[in-house]
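To start, the structure under review is shown below, and the notes come after it.
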Amino acid sequence: MSRSLLRVRDLSVEFGPAGKAVRVLDRIGFDMAAGDCIGIVGESGSGKSVMSLSLLRLIPEPPGRIVEGSVEFDGVDLLTLPASRMPDIRGKEIAMIFQEPMSALNPVMTIGEQIAEAIFLHESVDAAQRRARVLEMLQLVGIPDADKRYDSYPHEFSGGMRQRVVIAMALACNPKLLIADEPTTALDVTIQAQVLELMKRLRERYRTSILLISHDLGVIADVADRVIVMYCGRVVETAEIDDLFDRPAHPYTEGLLNSIPSRSIGQDRLYQIPGAPPAPTERGPGCAFYPRCPKRMPVCLEKSPPLFQVSETQQAACFALPAALA
Amino acid sequence: MWRLVASRVLDAIPTMLLVLTLVFVAMRLLPGDPAVTLLGDHATPAQIEAMRARLGLDVPLWQQYLRFLWNALTFDFGKSFVNSQSVAAMVALNLPYTIELTIVSTLIGTIAAIPLGVLAATHRGKTADYATRLFSLAGFAIPDFYLGALLLITFSLNLGWFPINGGGAGFVDRMYHVFLPAIALAFIKAAFVSRLTRSSLLEVLNKDFVRTARAKGGREPRVIYRHGLRNALLPVVTGLGLSILSTLSGSVAIEFIFGRPGVGSMLITGIETRDYPVIQAGIIVFAMFVVIVNLAMDILYVFIDPRVGAAR
Amino acid sequence: MTPAAEAAPVPSERGVLVQIAISLTRDRVSLFFLLVLIAIVLVAIFADQIAPYDPIAQSLLSINLPPSAEHWLGTDQFGRDVLSRIIYGARTSLLLGVTAPALAAVIGTAFGVIAGYFGGWIDRIIGRFLDIFLAFPALLLGILIAAALGAGFWNMVVVLTVAFAPRFARIARASTMSVRSEAFIEAAIASGLRTPSIMLHHILPNIAGSIVVVLTLWIATAVRLEATLSFLGLGTQPPKASWGNIIRDGLGNLFGSPWPIVAAGLAITLTVLAFNMLGDAVRDILDPEARDE
């Protein structure tokens, strides 16, 4: 039984001025053990990016606000740490990479300098050693001619290469947890596969835990062992990857799976979940999925369903579950 | 990279020629006969002819043009009508004072302005921000000569802390003389640069790579200066050339107010005394200045922004 | 300068003024300056009625009088009433400050639209000239041209127009180029509409927004430019009153009375500020994306 790396409880985030704030994340909770690779899946507006940013307290303070909850990393609640301690955690214990490789790097610094900076910020090694480490990382992520490329600028690289640089920068200090927010969404499909392959390889080598966020179930299925499904700022299901695909518990998850084009082979139309997710301002006290749910019941409108245990490793927030009806 | 520099230099040559041509056109093809204007209504035809010969107006236009270009490029500005001094010598005497004023006020203005801009950007919506914006508004609205006059009245006349006129001799004395005029110009400059820095920095701080810098553990000062400002200053540097030129044009009035020697006051005096060669020389010098400063900025930009070198 | 969104509908005449007024009144500071502007315009128009004395009437007996009930701002070294000179100065400054940019807008926009619409070598030639004129700060250009042309009202108009026209041309050119590539222009051409008609009825209305935005701001600059040139002796000539030459006369009379300088300078500052505020309000309405907030 691996030790707990990350315990998130009741994480809630609001945006907007004090009186008229909108709740974007509503009591998110999940666990992560060391060595895990967890995927977070959800559509735009589900709050998955906000959640990943809150873990590192990178939400811009106006207009955003973490209003309740705890994020225990390695036993320490990050939300109660003084703000001045967070930079020590970022990049060293927890690293994060983002969606847009084209704009993620500083245009006026060489990529070598930027990766070296990551090392410089957290470890006291001299310049020569830093450079050696950077070259090592560049080779590791598959950038040829590392020695010459050290002095190149971001605009001299393609999107896929830049994302590799970003990954090298993130892993330079060997963090325990890597949060990857849609790392392949902006890339071509073939490059996507390469980058995911790279991430898996690095995970093997460094035993880094990965929290992968994506709207693409295919990407998640490729890399993750466990999946958390988010909808409208709430966790609606967590399961092992195979269980999720074979026995989805939540109606939303079912809908998501049915929406995968290959599942519609032989039918006239592609399946779509009818309707659209409500905006954060339109969410009521009940279940957010109610308007679009084929299994809805009156109780779903009155209260928001908590997570029910479907099996030892699977939970879902739905009143229509056998576990809930029991 | 050097190829780019060379191409910029080559590009400036036709520009310079075009500018000089425009000056020539402006000065020669205007209504009215310069000889008559200079001599007044009671001149005899013989006197007018003599004056025209003196002005070089008796040869065909294209010859005048070529001679004009040649003189301009070899800095042969002729002799002053007022005191027969070599105009080139006058320019050589006055130019250092103007350059001194321009450089000092640009330095003071920019160095004061950038921290102000950073302050305003990082304390957005708070007092420091409003104060800086008020400052930049004032700098735009208050005419530089008005500010100069007020400074002169207050500090030189009433308080006697600074000299009333002159340029000074020797380094310290010159700095003493240039101080108040430079402050007047620097105020305007600082107002503009601080506003530009503020908006540029605000824009940059919203960019993804700033978020990356924070995510990898950079502390705020490092994020703001090393990542934010380094990118935010690019437009400021681009504006530097324009900024220097606007200071240069402001120096004309300031030199006049503070009784400072300089190309500006030389030009104004020349206009007052109808000293034709001096007027022409002043215009040419300023025109050349403009072309040269623009060229310098183009070249500087090639070195500062790594992306410029790559874009072909 | 971002050209106004091509498809943004230009608000109706009455609507714009009302909106500007609303936008200005929302902010107490802006309201103050709007009132200042109206006051200045009224003063300029009714100078004959308002001014207590003839601005050019000299009086050897009343040299350098301090402010009093008869002369609110005192008199200058020629015995002229300072207040009256300032009032008439408003007329000069506003006249020049508005006419020249208006003229420059018309001329500059014409060149800009031609350059932007036709492209090719026409654009390159016009563009080259624009680059050269734009490389000069407006004041320097003004000084150089005024030095060559001499002083006087109409010369001033020429000077200011030449100084500003390229700036309008640049904006008009950029706006035209972006509108030019819109589909409805292609449709208009395809339907056989003649070029001048296209430019007048299709291009112009769509770039009018960005032109107007800069017009008000350039009026502020023009007022300041006129004052500076008059100050240098290149603009409005005494005894005709202009805020700029009032300051110049004042400099020659520093020990006599500081009031001409102080008052005239204040007048310039307020006017420039007021037009600046107006310009901001106009911009907020016509091109909201240009705000830096």
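The values are calculated or read from the model by the stated rules, or taken from the named source; none is laboratory data. For clarity, every value in this text was computed on a predicted model and none was experimentally measured. Please note: Cβ atoms are built from the backbone with ideal geometry, for glycine as well, and neighbour counts cover all protein chains shown.
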Next on the checklist: Need the failing condition index for B:ARG174 against (1) under 30 Å from B:HIS123 (Cα atoms); (2) of a type in the set (Lys, Arg); (3) surrounded by fewer than 22 Cβ atoms within 10 Å (Cβ to Cβ), just the number.
Outcome noted: (1)
Checklist entry - What residue, of B:VAL263, B:VAL278, B:VAL236, is at pLDDT 90 or above, touching a Ser or Thr at 6+ places or on another chain (Cβ under 8 Å) and among the aliphatic types (A, V, I, L, M)? => result B:VAL263
Checklist entry - For the stretch A:85-96, what are the residues that are facing chain B (nearest Cβ under 8 Å) and modelled with pLDDT of 90 or more? => result A:PRO87, A:ASP88, A:ILE89, A:ARG90, A:LYS92, A:ALA95, A:MET96
Next on the checklist: Suppose we filter the stretch A:266-303 for residues that are β-branched (Val, Ile, Thr) and either over 19 Å from A:MET230 (Cβ atoms) or without any contact (Cβ under 8 Å) to a residue 60 or more places away in the chain (or both); how many remain?
Outcome noted: 2
Checklist entry - Given the residues A:GLU72, A:GLU68, which is the only one that is over 30 Å from B:ASP305 (Cα atoms), free of Cβ contacts under 8 Å to residues at least 60 places away in the same chain, away from chain B (no Cβ under 11 Å) and of a type outside the set (S, T, N, Q)? => result A:GLU68
Checklist outcome for this item: When every residue in the stretch A:98-110 that is in contact with a strand residue (DSSP E or B) (Cβ under 8 Å, 6 or more places away or on another chain) and within 8 Å of another protein chain (Cβ to nearest Cβ) is compared, the one nearest to B:LYS207 (Cα to Cα) is A:ALA104
Checklist entry - In the stretch B:216-266, which residues are among the small types (Gly, Ala, Ser), buried (at least 24 other Cβ atoms within 10 Å of the Cβ) and within 14 Å of chain A (Cβ to nearest Cβ)? => result B:GLY217, B:GLY228, B:ALA232
Item to check | Matching option when the condition is acidic (Asp, Glu) and touching a strand residue (DSSP E or B) at 6+ places or on another chain (Cβ under 6 Å), among A:ASP216, A:ASP243, A:ASP268 | outcome: A:ASP243
Next on the checklist: Being within 14 Å of chain B (Cβ to nearest Cβ), touching a helix residue (DSSP H, G or I) at 6+ places or on another chain (Cβ under 8 Å) and either hydroxyl-bearing (Ser, Thr, Tyr) or touching a residue at least 40 places away in the same chain (Cβ under 8 Å) (or both) is the requirement here; does C:VAL159 meet it?
Outcome noted: yes
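Residue by residue, here is whether (1) basic (Lys, Arg); (2) assigned to a helix (DSSP H, G or I); (3) over 30 Å from B:PRO277 (Cβ atoms) holds:
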| site | (1), (2), (3) |
| --- | --- |
| C:VAL98 | no, yes, yes |
| C:PRO101 | no, yes, yes |
| C:ILE107 | no, yes, yes |
| C:ASP123 | no, yes, yes |
| C:ARG128 | yes, yes, no |
| C:ASP131 | no, yes, no |
| C:LEU140 | no, yes, no |
| C:ILE145 | no, yes, no |
Next on the checklist: Would you confirm whether or not the stretch A:195-202 contains a residue that is hydrophobic (A, V, I, L, M, F, W, C), in contact with a strand residue (DSSP E or B) (Cβ under 8 Å, 6 or more places away or on another chain) and at pLDDT 90 or above?
Outcome noted: no
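Would you pick out the residues in the stretch B:143-199 that are on the phi > 0 side of the Ramachandran plot and free of Cβ contacts under 8 Å to residues at least 40 places away in the same chain?
B:GLY160, B:GLY168, B:GLY170
Taking the condition closer than 30 Å to B:PRO96 by Cβ and either in contact with a strand residue (DSSP E or B) (Cβ under 7 Å, 6 or more places away or on another chain) or within 12 Å of another protein chain (Cβ to nearest Cβ) (or both), does B:ASN165 pass?
yes
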Checklist entry - Can you name every residue in the stretch B:5-21 that is aliphatic (A, V, I, L, M), at the interface with another protein chain (Cβ under 9 Å from one of its Cβ atoms) and free of Cβ contacts under 8 Å to residues at least 60 places away in the same chain? => result B:LEU18
Checklist entry - Which of the residues belonging to the stretch A:36-86 are assigned to a loop (DSSP other than H, G, I, E, B) and either touching a strand residue (DSSP E or B) at 6+ places or on another chain (Cβ under 6 Å) or surrounded by fewer than 15 Cβ atoms within 10 Å (Cβ to Cβ) (or both)? => result A:ASP36, A:GLY42, A:SER44, A:SER46, A:GLY47, A:LEU56, A:PRO60, A:GLU61, A:PRO62, A:PRO63, A:GLY75, A:PRO82
Item to check | Looking only at the stretch C:274-283, and only at residues there that are within 11 Å of chain B (Cβ to nearest Cβ) and over 12 Å from the mean Cα position of the chain (by Cα), the one that is surrounded by the most Cβ atoms within 10 Å (Cβ to Cβ) | outcome: C:MET277
Next on the checklist: Based on this model, can you work out whether B:TYR176 counts as in a helix (DSSP H, G or I), aromatic (Phe, Trp, Tyr) and in contact with a Gly (Cβ under 9 Å, 6 or more places away or on another chain)?
Outcome noted: yes
Checklist entry - Inside the stretch A:111-156, can you point out the residues that are more than 19 Å from A:GLY91 (Cα to Cα), more than 8 Å from chain B (Cβ to nearest Cβ) and either in a loop (DSSP other than H, G, I, E, B) or polar (S, T, N, Q) (or both)? => result A:GLN139, A:GLY142, A:ILE143, A:PRO144, A:ASP145, A:TYR150, A:ASP151, A:SER152
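Residue-wise test of (1) farther than 30 Å from C:LEU94 by Cα; (2) within 14 Å of another protein chain (Cβ to nearest Cβ); (3) touching a residue at least 60 places away in the same chain (Cβ under 8 Å); (4) crowded, with 24+ Cβ neighbours inside 10 Å.
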| position | (1), (2), (3), (4) |
| --- | --- |
| C:ALA172 | no, no, yes, yes |
| C:SER181 | yes, no, no, no |
| C:ILE189 | yes, no, no, no |
| C:THR195 | yes, no, yes, no |
| C:ILE207 | no, no, yes, yes |
| C:VAL223 | no, yes, yes, yes |
| C:ALA227 | no, yes, yes, yes |
| C:LEU232 | no, yes, yes, yes |
| C:PRO238 | no, yes, no, no |
Checklist entry - Of the conditions (1) more than 7 Å from chain B (Cβ to nearest Cβ); (2) assigned to a helix (DSSP H, G or I); (3) more than 20 Å from the chain's Cα centre (by Cα), C:PHE255 fails just one. Which one is it? => result (2)
Checklist entry - Hey, does the stretch B:113-123 have a residue that's touching a residue at least 40 places away in the same chain (Cβ under 8 Å), assigned to a loop (DSSP other than H, G, I, E, B), more than 20 Å from B:MET175 (Cα to Cα) and touching a helix residue (DSSP H, G or I) at 6+ places or on another chain (Cβ under 9 Å)? => result no
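Residues are listed down the side, and each one gets a yes or a no for (1) modelled with pLDDT under 85; (2) touching a Phe, Trp or Tyr at 6+ places or on another chain (Cβ under 8 Å); (3) of a type outside the set (A, V, I, L, M):
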| residue | (1), (2), (3) |
| --- | --- |
| B:LEU151 | no, no, no |
| B:ASN165 | yes, yes, yes |
| B:ALA186 | no, no, no |
| B:SER200 | no, no, yes |
Checklist entry - Do we find that C:ILE219 is under 20 Å from C:SER175 (Cβ atoms), touching a Pro at 6+ places or on another chain (Cβ under 6 Å) and aliphatic (A, V, I, L, M) in this structure? => result yes
Next on the checklist: Condition check: among the aliphatic types (A, V, I, L, M) and more than 8 Å from every other protein chain (Cβ to nearest Cβ). Does B:ILE279 satisfy that?
Outcome noted: no
